[in-house]
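In what follows, a single structure is set out as structure tokens and then discussed.
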Amino acid sequence: MNLRPKVSAQYNNAPTAFRDFKAVEWKVGNAVLDASKLKKGQVIKPFTAIFLNESTGLFELVASDTPATMKGALITGSEEVVIEDTTTNELVSAIRKASLIEERCTGVTANFKTATQGRLTFDV
């Protein structure tokens with residue numbers, strides 16, 4: 001478990017990918033990113049698509065080859081996270097239900113949209 005202070009690459013930022021704030025639901029307890037799948041110095045942008053790897057119990061970034069059957073598909077919160085150490089997993093806030101502007105999100109694929117259908121909305 002990661003209990004060290006979070007390093008943010010961005011200050012005084014406002015959530016910009018929300019279409020509106022109606023019925024926004026956040027994941028309780030935050031999501032833990034698998035640092036072994038990330039690179040040192042890598043920046044996780046706000047509103048990045050992630051999913052739960054059931055074998056490790058940790059979240060990973062959605063890739064173009066991630067299947068539509070992914071479990072625990074979420075979008076990270078509005079903070080930008082810098083990976084300082086690939087041996088320590090990173091905590092990020094995560095959104096489980098919201099109406100979002102797709103162009104302002106990172107890593108959203110057709111399979112991700114299928115996995116989050118009914119929870120995350122990317123159209124008007």
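Taking only the C-alpha atoms of the chain, the Rg (one decimal) and the largest Cα-Cα distance, Dmax (whole number), read 13.7, 40 Å. Distant-in-sequence amide contacts of Ile95, defined by a placed amide H-H separation under 5 Å and a gap of 5 or more residues or a different chain, comprise Lys27, Ile75, Thr76, Gly77. Each Lys or Arg adds one and each Asp or Glu takes one away; over the other residues whose Cβ falls under 12 Å from the Cβ of Gly41, this sums to 0.
The slack between Ile101 and Lys71, meaning 0.36 nm per residue of separation minus the straight C-alpha distance, is 8.6 nm. Go through Lys40/Lys113; Lys45/Lys113; Lys37/Lys71; Lys39/Lys113; Lys27/Lys71 and tell me which ones have a Cα-Cα distance over 22 Å in this structure. Violating the 22 Å Cα-Cα cut-off are Lys40/Lys113; Lys39/Lys113. Take Leu91 and Ala110, extend 7 Å from each Cα along the Cα→Cβ direction, and tell me the distance between the two endpoints in nm. Going from the Leu91 label point to the Ala110 one covers 3.8 nm. Among residues other than Leu58 with Cβ under 11 Å from its Cβ, the summed charge is -3 (Lys and Arg +1, Asp and Glu -1). Between Val24 and Glu84, the modelled labels are 2.6 nm apart [label points 7 Å from Cα along Cα→Cβ].
Nearest 20 debye, what's the magnitude of the dipole of the chain about its Cα centre given +1 on Lys and Arg Cβ and -1 on Asp and Glu Cβ?
Charge dipole, the chain, about its Cα centre: 180 debye, nearest 20.
Which value in deg cm²/dmol, rounded to the nearest 500, describes the helix-derived mean residue ellipticity at 222 nm for the chain, given -39,500 (n - 2.57) per DSSP H run of n ≥ 4 and division by the residue count? Result for the chain, helices only: -1000 deg cm²/dmol.
Spacing of the modelled spin labels on Thr56 and Ser36, each 7 Å from Cα toward Cβ, amounts to 0.6 nm. Remark: Leu52, Leu120 ranked as Leu52, Leu120, counting other beta-carbon atoms within 10 Å and listing the fewest first. 3J(HN,Hα) along the stretch 37-51: 8, 10, 10, 4, x, 5, 9, 8, 6, x, 6, 9, 6, 9, 9 Hz, from the Karplus curve 6.51 cos²θ - 1.76 cosθ + 1.60 with θ = phi - 60°, whole Hz, x for Gly and Pro.
Laboratory data are not the source of any read-out in this text; all were calculated from the coordinates shown. The model shown is predicted, which means the values in this text are computed figures rather than measured ones. Quick reminder, even Gly has a Cβ in these numbers, built from the backbone with ideal geometry, and neighbours come from all protein chains shown.
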